[in-house]
Structure formats: structure tokens, C-alpha cells
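A.B. asks: Can you read through this structure? Questions will come right after.
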Amino acid sequence: MIKNLYLTIMLFAAATVVDAQGFDNLPDPIEDVNKVVDNTPDSIAKALTARPAPGSTRRALPNSGEAGGGYSPVLFLVGNSTMRNGTLGNGNNGQWGWGYFFQQYFDANMISVENQALGGMSTRTFYTDLWPTIRQALKKGDWVVVSIGHNDNGEFFDQRRARAVIPGVDMDTCYIGFNQRTQRQDTVYSYGHYLRCYIKDIRAAGANPILMSLTPRDAYDEKGRIVRKPQTEWAAYIAAVDGVPFVDLNEISGQKLDRMSPWKEKYHFFGDHIHTSKFGAEMNARSAAEGIFYSQNPQLEPLKAMMQNVTPHSWKVDRSNGKPVVFFTGDSTVRNKDRDEDGMWGWASQAQTVFDETKINLVNAAHAGRSTRTFINEGKWEAVYNSLQPGDFVTIEFGHNDICPITDQKARGVIPGARDTCHVYQMDDGSYQVVYSFGWYLKKMIDDVREKGATPILVSLTPRNEWPGGKIERRDDSYGKWFREVVEETGVEFIDLHNLSADFLDKKFAVKSLPADKEKAKAKIGELKKKAGKYFKQDHTHSSKLGAQMNAQNFARGLKQAKSELAKYLKKK
């Protein structure tokens, strides 16, 4: 009853806002000239309730007194679905706009970021339909990023969209006709004209405009580079003539995409060739932040003083000695507490027992409890990626935490298998995530390492202290199969630590067969687990220090057998 009442109130409020802005009686969404079906025009009411009311995030500053000026500034984002995607902007369609991630680059105690973008808008329709309420909310000292234009083509006065503008920056060009959507006479101006209108309104309020070029599309030119959008030149021209800071987001992100493999570039988009996945949206948000932070335009200095987290996270590695670095990535079997003699240890903590540290630097970047998915989603992989230089090595060993629940609080489960596949899942907390397969995450890491000129080495997961049939458990029909399929597809160097360590344990403890009597067989298995227990600690997965050393030694043995380039950095016995 209460829930229904709340829904009624919200819909009524949304309808009031919609009617006030002329959004009533909008048609169903259609495919545009870019072969894209936008998700928002058919449910503007819902979208408007998700977007913050313009200026509503503005905070009163401490000890500001009664006089005016005691409020924090707001950074308003003006754009379309590449900035704020989906009806609710929450990724439930697998697509994300970069405005969702932009706030992390600003100190919330100094400035708030309002993503006022909406899918389906052009420079023209945003200015006529959404801009008025934002303009009223502007105050002196605010900032406005205008990055819009993906939807500026098509028909001028059609019944469904009526959002096209005249290409270019000509001030004297216009087109007059009857707008079927609004059912009134209308005048269409150039792209540059609408940008000038935004700039004029922003400055009239004492706020600060920033023009940004558009996000890149998933399209290559004849030279194999990402296509640069023509709106870049137009926006840059207007910015130069009007003395407005300009950030070439199209070029900054375009250069990043150019450095990627085609496979990697593709997964920065989702569903079509314009809208971005979470990977793409995060990249564009960082590019936008970098464009502002590293700009030489003095007008941006006050905004730059309110920024944070722009410098990418990386591992601090002393490279003064000129030695290459081997980064170990994985879960608790690679890095654990690694301090108590009688505690749990990861095998990379014992890497110094097999590697010659006068020749190579060792960095244990693994993290307990992580799967391929969470290691990437939490930014731990990004720190490794940002640290890589040509000639480095990266070991990649995951699996123990990957086949867990996909939607629970830990959100670390992946889709079983090696085939490239993904699905949008709603998490138990109500949020949405695109989850990929185990093999896909491994391939992403392999591809990233190669992009940096470093060498990836795939490592199978360590064996568990389980003894079915009197022999150590082998997971060759699941993880082993998936590892090998990834190896076959990518040609990555592979160290089968799982079977190397399993062979070692079998040689020491395995029996040819178990007793026929079930109770005796169970007792025998218990005896085997107890004997092998000196290599494990606390449970069947985690290693003791002795077990970690054993795994490190078997890893070294695998490098030698594979004649790996990394093997030449091992200690000589």
C-alpha cells in the first residue's frame, strides 16, 4: 500500500516536471541514422526522476553566515546518452555514460558534480527542452561541461525526433519550418550557434563554460585509426573565438583506443558502435578529467584545485637499477598474510627463494579473496597495468574464488568457461553489472600485458588438499580445460602449477587404490589429508609456508620446462 502510494506520488511529480518541460506525448523510441535505438525518449518521466533537480546538490559551506556566496559550486554536465545512458542511468542495459564516473575526480567537500545529461538529446533539443531549468539553477562560480552532438543529424522537423542541427559554425545560417513534434513553427541553427547560446547563458550567470569534443565511436578510418568526429573542429573553433576552455575528449580517448588491440577496443562499447560499456565509460571519464587537469588554460586553475585521483594508481617500483619486474597477480594462494611462521602463506611470498633478485625485481600484487572479476573491478589490475614497462613479466593465477555466486555481496563469481560471453546481472544490492566468463577475464589481462610490451604468463590454480580415489584432486575437466582453451586461443605462455604441485603431492602421498569398505576408504582419505596437511594451513585451499615454498619451486620448475624467458632470472643451483 505504502509502496503503491509512493509510486503514485513519484509518477505524479515526474509528470508535473515533464509537462512543464514539454515532454508529454512523446512517441516510442526509433532507430536513428546511426542504427541506434535510444532507450530514454519513451520514458522521459522516469528518467527525469533519476536525474537530480538542477542545483539540488549545492551545499551550504560551513561558517558561511547569512550573506550570499556561502555555497559550494556545482559542476553541471550537459550531454546525451554517451554521458548518461539508459532510462535510469544505472547500467541495467549494459551501457554506461561517462558522467556516472566523473564525480570521483572531484573533491565532494569542495564541489558537487551533477550529471544532467539525457539520452537522445542533441545540442538543439537539450537547449530548448532541458537547458532552461539548468540555466535557472546556475550561480556565480559554477562550472558547466558541454559535450554533446552525437544526435545532431537526421531530419529537422520530423514527428519523432526533430533534433537535427545545421553542420558547422556559421552564425548566419538557419532553417525555418513546421516542427511536427512540438506542433509549432521552429528555427534550426548551426551546431556552433547552439554552443554559443550555452556559453552566453553560462557567462550571464557568472558561471564558467567548458566545451568538450564528443566521445569516439567504434569505427576505424582507412588508416586503421579510430575515426575523429567533425564536431571536434567546430567546438574547438567556437572555444577559441569565444575564449572558452576546450578539452578534446574525442582525441584523448581516441588515442587510447588506437593503442588497443581490436578485441580490446570492441569491449569498450556495448550493444552498438556508440554507447560504451563500463570499461569505455570509465576510460572516457578519466580522459575528460585528464583533459581538464593537464590543460594549460589558466581559466581552469580554480577547477583543477578541486580535483583528485587524476594520477592513475600504480605500484611504486624502484627502476633505478634497470632490472625488469615480474608482477605476481592472483588470490590468497599467491599472496596471503605471509608473516607468521605457522600461518597462511601465498607462494609468491616465497618467490625470492627461487629468483635471483640481483637480476629482477619481484612485486607481489596478488590480493586475498579476489577473483578475476573483482581483481579487475576493484582497480587492482589497473594498478599493475599502469606500472608495466616493456620487458616486464606478469604471472596471472586465479580460479579459487571465481566460481562463486555471481550476484551476492562479494560479487566475485564469473560465468564458467573460456568462451567470450557476458550477461547483465542485477546484484543483490539492486545495482547492475555486466559479468564475463572466466576465460574472458584472463584474456583481458593477457591482452593488457602485451599492449604494454610485457610478457604475460598464465598459471593454473594451486591444488587443494582433497584426495578422491586416494589421489590428489585434479580439476582438469573445469579450470584446466578453460586454461588450455585460453592458451590455445591466445598463444600465451602457460605454467601448469596445478598439475606440477599435484604430481609432487601424489608422489609423496597417493595410494594406488582405496579399501573397498566405505568407512575404511573414508579413514584412508582422512589419513592422506593429514599427511599432506603440512603443506596446507587452516583449510584445504590455503598453503602453509612449506606449501608456499613447494608451489614456488614447482613454478620455477615449470618455467624451466617451458624454456621461458623468465627462467633466466631464476637462481642457479
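A.B. asks: Could we say that Lys359 is modelled with pLDDT under 95, surrounded by fewer than 18 Cβ atoms within 10 Å (Cβ to Cβ) and charged (D, E, K, R) here?
C.D. replies: When the stated conditions are applied, Lys359 does not pass them.
A.B. asks: Looking at this structure, is Met307 within 17 Å of the chain's Cα centre (by Cα) and open to solvent by less than 40 Å² (accessible area, probe 1.4 Å)?
C.D. replies: So Met307 fails the test.
A.B. asks: Thr215 - would you say it is crowded, with 16+ Cβ neighbours inside 10 Å, in a loop (DSSP other than H, G, I, E, B) and at pLDDT 95 or above?
C.D. replies: Taking the combined requirement at face value, the residue satisfies it.
A.B. asks: Next up: Confirm whether Glu451 is in contact (Cβ under 8 Å) with a residue 60 or more places away in the chain, in contact with a Gly (Cβ under 8 Å, 6 or more places away or on another chain), more than 17 Å from Gly330 (Cβ to Cβ) and open to solvent by 30 Å² or more (accessible area, probe 1.4 Å). Break it down into steps so the answer makes sense when it comes.
C.D. replies: Numbers: in contact (Cβ under 8 Å) with a residue 60 or more places away in the chain: yes; in contact with a Gly (Cβ under 8 Å, 6 or more places away or on another chain): no; more than 17 Å from Gly330 (Cβ to Cβ): yes; open to solvent by 30 Å² or more (accessible area, probe 1.4 Å): yes.
Judged against the criteria, Glu451 is not a match.
A.B. asks: Ok, one more. Are any residues in region 140-180 under 33 Å from the mean Cα position of the chain (by Cα) and under 17 Å from Lys200 (Cα atoms), and if so, which ones?
C.D. replies: Gly141, Asp142, Trp143, Val144, Val145, Val146, Ser147, Ile148
A.B. asks: Of all the helices (runs of 4 or more DSSP H) wholly in region 471-551, which have at least 3 residues that are open to solvent by less than 20 Å² (accessible area, probe 1.4 Å) and out of contact with any His (no Cβ under 9 Å at 6 or more places or on another chain)? Spell out how you get there, then give the answer.
C.D. replies: Values: elements: 479-490, 497-509, 518-532.
Where helices (runs of 4 or more DSSP H) fall fully within region 471-551 and carry at least 3 residues being open to solvent by less than 20 Å² (accessible area, probe 1.4 Å) and out of contact with any His (no Cβ under 9 Å at 6 or more places or on another chain), they are 497-509, 518-532.
A.B. asks: One residue is enough: does region 403-425 have a residue meeting the conditions in a strand (DSSP E or B) and either touching a Gly at 6+ places or on another chain (Cβ under 7 Å) or open to solvent by less than 10 Å² (accessible area, probe 1.4 Å) (or both)?
C.D. replies: Yes, that holds for at least one residue.
A.B. asks: If I ask for residues that are free of Cβ contacts under 8 Å to residues at least 40 places away in the same chain and at positive phi, which ones from region 516-564 would you list?
C.D. replies: Residue satisfying the conditions is Lys563 alone.
A.B. asks: So, of the residues in region 97-149 that are small (Gly, Ala, Ser) and open to solvent by 10 Å² or more (accessible area, probe 1.4 Å), which turns out to be farthest from Arg181 (Cα to Cα)?
C.D. replies: The extreme case among them is Ala108.
A.B. asks: Among the residues of region 310-323, how many are open to solvent by less than 70 Å² (accessible area, probe 1.4 Å) and under 28 Å from the mean Cα position of the chain (by Cα)?
C.D. replies: 4
A.B. asks: If you don't mind, another one. Kindly evaluate Arg335 against the criterion of being in contact with a strand residue (DSSP E or B) (Cβ under 7 Å, 6 or more places away or on another chain), farther than 21 Å from Thr407 by Cα and open to solvent by 50 Å² or more (accessible area, probe 1.4 Å).
C.D. replies: Spelling it out, Arg335 is indeed in contact with a strand residue (DSSP E or B) (Cβ under 7 Å, 6 or more places away or on another chain), farther than 21 Å from Thr407 by Cα and open to solvent by 50 Å² or more (accessible area, probe 1.4 Å).
The values are calculated or read from the model by the stated rules, or taken from the named source; none is laboratory data. Values in this document were obtained by computation on a predicted structure and should not be read as measured data. Counting neighbours? That spans all protein chains shown, and the Cβs are built from the backbone with ideal geometry, glycine included. Areas reflect the complete protein model, heavy atoms only, side chains present, ligands, DNA and RNA absent. Shrake-Rupley method; radii C 1.70, N 1.55, O 1.52, S 1.80 Å.
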